[in-house]
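Read through the structure below, which is laid out as structure tokens, and then see the notes.
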Amino acid sequence: MTKHVRWLPIAAFLPLAACATAPKPAPIPQPPSLTETDITFLDNAARSNDFIIAAAKLADTQARDPHVKTFAARLVADHTASQDRLKTIADQHGTTLPDDLDTDEEHVLDSLKTEKGRVFDRDFTALQIAGHDSAAPLFQAEAANGTDPALKAYATDMQSTIQSHLDMAKALGQHGHHHRPHH
């Protein structure tokens, strides 16, 4: 009997306590679930960010050209910010970003890890041109056809970043080919 009396008041208070912690309307209403298109974009964009960051971090110790190092540092900063924003969107939808790279990307990264100096500079720059070139249409498509407003906004904002990285990489590529002294 004493047992009964002891837990009863606690049970009576529980619903009240639950209400007291959330006087505001429930936290952000859960956005509608992501479509296949949005999920595919989310995964591709996350892998693209991870791959670019991983490759760019190698430049710190393996690049020879200071311009390549500067460009790589910019890539790490921009794509880390991009990945953080993507993670926030994924969290809102109760989903997670993939934490693995495609097999092809793994291979490219492995071979890049073995390179140094001019060879690294050349291959890294070519890789960033190719990577940003292939990422651009992904972001354009999501900006145009995505259904999730946060993802669409993200894709729209990132297009200019991708374009500026592409321009920088192309300029570096030309700079590397001519070996002209840089004033």
Using θ = phi - 60° and Karplus 6.51 cos²θ - 1.76 cosθ + 1.60, couplings along the stretch 70-85 (whole Hz; Gly, Pro as x): 5, 4, 4, 5, 5, 4, 4, 4, 5, 6, 5, 4, 4, 5, 4, 5
Choose one of Ala136, Val108, Ala171: the residue whose Cα lies farthest towards the positive end of the charge dipole of the stretch 97-183 (beta-carbon charges +1 Lys, Arg; -1 Asp, Glu; about the Cα centre). Ala171
Using +1 on the beta carbon of Lys and Arg, -1 on that of Asp and Glu, and nothing else charged, what's the dipole of the stretch 76-183 about the Cα centre, debye to 20? 580 debye
Taking a 1.4 Å probe, which of Glu36, Glu115, Glu106 shows the most accessible area, and what order do the others take after it? Glu36, Glu106, Glu115
Environment charge at Thr37 (Cβ cut-off 14 Å; Lys +1, Arg +1, Asp -1, Glu -1): -4
Take a quick pass over the stretch 38-132 and tell me how many lysine pairs come in under 14 angstrom between Cα atoms, counting only ones 8 or more apart or on separate chains. 4
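The values are calculated or read from the model by the stated rules, or taken from the named source; none is laboratory data. The model shown is predicted, which means the values in this text are computed figures rather than measured ones. Cβ atoms come from the backbone with ideal geometry, glycine included; neighbour counts cover every protein chain shown. Heavy atoms of the whole protein, side chains included, go into the accessibility calculation; ligands, DNA and RNA do not. Shrake-Rupley method; radii C 1.70, N 1.55, O 1.52, S 1.80 Å.
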